[in-house]
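Comments concern the structure below.
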């Protein structure tokens, strides 16, 4: 199950992480745990944000994916199921 996580971090909370020098290590720790296929960093609704693509084994993985962002970054998290071109082809072939 491939999913895309859109993360918008709380500005006040992440300002403190930037000021105390732990923002980079916090992000690296989360990425090392989640092992995303891709990670893109960008503004998100006027906040610091990023988008991750993760191949999760099943839906039960979702809480463990979102919790680090809520707990450590005060973030909002949007989860979007996605597929690559090969998976789209398989899905379309099942239409009959």
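Please treat every number below as a calculation from the coordinates, not as lab data. Keep in mind that what you see is a predicted model, and the values were worked out from it rather than measured. Because the Cβ atoms are built from the backbone with ideal geometry, glycine has one as well, and the counts that use them run over all protein chains shown.
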*How many nm is it between the label spots at residue 84 and residue 28, if each spot is 7 Å from the Cα in line with the beta carbon?*
2.7 nm
_Neighbour-count order for 64, 93, fewest beta carbons within 10 angstrom listed first_ = 93, 64
*So what is Rg over Rh here for the chain, counting just Cα atoms and using Kirkwood for Rh?*
1.06
*Length gained when the stretch residue 95-residue 70 is fully extended (0.36 nm per residue, less Cα-Cα span)*: 5.2 nm
*What's the exposure ranking of 5, 34, 95, going from fewest to most Cβ atoms within 10 Å?*
95, 34, 5
*asked:* Order these by the 10 Å Cβ neighbour count, fewest first: 23, 9.
replied: 23, 9
